[in-house]
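Working notes for the structure below.
The values are calculated or read from the model by the stated rules, or taken from the named source; none is laboratory data. Please read these numbers as outputs of a predicted model, since none were measured by experiment. With ideal geometry, Cβ positions are generated from the backbone for all residues, glycine too; neighbour counts draw on all protein chains shown.
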Amino acid sequence: MSQTGEIVNTSPAWQPDRPYDALPPLPPKADLESRTVLKQCVQARSALAELKVAAALIPNPAVLINTLPLLEAQASSEIENVVTTADELFRHLDGDEGADPATREALRYRSALLQGVGLIAERPLSTATAEAICTRIKGAEMTVRIVPGTRIASARTGAVVYTPPERQQSLRDLLTNWEIFLHDDDGDGALDPLVRMAVAHYQFEAIHPFTDGNGRTGRVINSLFLVERRLLDKPILYLSRYVIAHKADYYRLLLEVTRDGAWESWILYMLRGIEETARWTLAKISAIRELTTIVTEHLRSAHPKLYDRDLVDVIFEQPYCRIRNVVERGLGTRQSASRYLHGLVEAGVLREVRAGREKLFVNPRLMALLTRDGNDIAAF
């Protein structure tokens, strides 16, 4: 958008069925921080700051890193029509043996997200980071594509709606420019990091550097960018939930940037998604803390022989618990661990289920909190 609000056609050479090797480099020649955008930035930054504080105060941070990235993995994969359930993902969190292909692929997304956190601790976000993430997601070596033929078509009509750059030099030049833009904070005109993230996400998807896995890789990079900029300490923003709820808008607004230079609408979409998701996650963390307190007090008052702070931590680190999880925490032998977990079943805290020859102990109230929008907690 221009400062007057007039649409600026930044891509006169673009045609949907031809490689867009003339994709404009960053930063765009447009007013990216209109008054409306900056107002929404304040709200999104405030929500992120509250989320960061709440995540730091939760007694057992493992519950966040084990669960929220898995929900993000499930949702981000669903956007690309790789469909599994949160229940299946939690069942196979400790190992994907016996999991179906979609579940294994979504588990690789979570693994890529956590791998990425380690990578940005060593070096800034880059094309190499994106290649490593895409490789982990796809389970095969993924590098910047060198062969033609990549097209993006409408799922409804099959018509080609976008053809990304194709020439190897164009791809490499655009990716180098994308890297520079990610970290270019110098000068009085430096962009708000959330605006920068929104612009960079569009550009990555427009470059479409891989033959497959671009959408999921781009969404991992969003989470990593927030961590790299210290807006969050952990990759716990479940942004793909918002994209699924507004999927048609997501693809429409991406295309409108390409076709019309409509940056403001796209940036506002991303900022609203960040704010809404941060507030949803904040409420979810608050509910998990409340549930932990309820379970603790229930055990202390009604079943004091079962109460152990470390045992409570174990059953809240993920919705499914195995006997070996208790043993690995040094809380007893297999026999005593089995006795503890069966005691929690009798106390109404856990429910025993079978998965083949293995016994699993599900925390049904935690599972309900993680897989439903609401935060109601069933009474004992």
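Return the only residue of 132, 112, 99 being surrounded by fewer than 21 Cβ atoms within 10 Å (Cβ to Cβ), outside any loop (DSSP other than H, G, I, E, B) and of a type in the set (Gly, Ala, Ser).
Selected residue: 132, the only one of 132, 112, 99 that is surrounded by fewer than 21 Cβ atoms within 10 Å (Cβ to Cβ), outside any loop (DSSP other than H, G, I, E, B) and of a type in the set (Gly, Ala, Ser).
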Q. Which condition number in (1) free of Cβ contacts under 8 Å to residues at least 24 places away in the same chain; (2) closer than 29 Å to residue 51 by Cβ; (3) in contact with a Phe, Trp or Tyr (Cβ under 8 Å, 6 or more places away or on another chain) is the one that residue 352 fails?
A. (2)
Q: Return yes or no: is residue 86 among the small types (Gly, Ala, Ser), buried (at least 17 other Cβ atoms within 10 Å of the Cβ) and without any contact (Cβ under 8 Å) to a residue 60 or more places away in the chain?
A: no
**Q.** Residues being over 20 Å from residue 291 (Cα atoms), in a loop (DSSP other than H, G, I, E, B) and touching a strand residue (DSSP E or B) at 6+ places or on another chain (Cβ under 7 Å) - total across segment 321-362
**A.** 1
(Q) Residue under question is residue 220, and the condition is that it be surrounded by 22 or more Cβ atoms within 10 Å (Cβ to Cβ) and not assigned by TED's automatic domain parsing to the domain that holds residue 42; does it hold? (A) no
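From 93, 175, grab the single residue that is surrounded by 12 or more Cβ atoms within 10 Å (Cβ to Cβ) and not in a helix (DSSP H, G or I).
93
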(Q) Could you tell me how many of the residues in segment 233-253 are over 10 Å from the mean Cα position of the chain (by Cα), touching a residue at least 12 places away in the same chain (Cβ under 8 Å) and under 15 Å from residue 280 (Cα atoms)? (A) 3
Q) Any residue at all in segment 278-296 that is in contact with a Lys or Arg (Cβ under 6 Å, 6 or more places away or on another chain), at positive phi and in contact (Cβ under 8 Å) with a residue 24 or more places away in the chain? A) no
Q: May I ask you to verify whether residue 315 is among the β-branched types (Val, Ile, Thr) and in the same structural domain as residue 238 (by TED's automatic domain parsing)?
A: no
Q: Within segment 214-243, work out how many residues are at pLDDT below 95, of a type in the set (A, V, I, L, M, F, W, C) and in a loop (DSSP other than H, G, I, E, B).
A: 2
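Quick grid of which residues meet (1) surrounded by 15 or more Cβ atoms within 10 Å (Cβ to Cβ); (2) among the hydroxyl-bearing types (Ser, Thr, Tyr); (3) more than 30 Å from residue 154 (Cβ to Cβ):
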site: 248; (1), (2), (3): no, no, no
site: 266; (1), (2), (3): yes, no, no
site: 276; (1), (2), (3): yes, no, no
site: 302; (1), (2), (3): no, no, yes
site: 307; (1), (2), (3): yes, yes, yes
Q | Answer residue from segment 250-264, given it is touching a helix residue (DSSP H, G or I) at 6+ places or on another chain (Cβ under 9 Å) and surrounded by 17 or more Cβ atoms within 10 Å (Cβ to Cβ) and is nearest to residue 366 (Cα to Cα) among those | A | 250
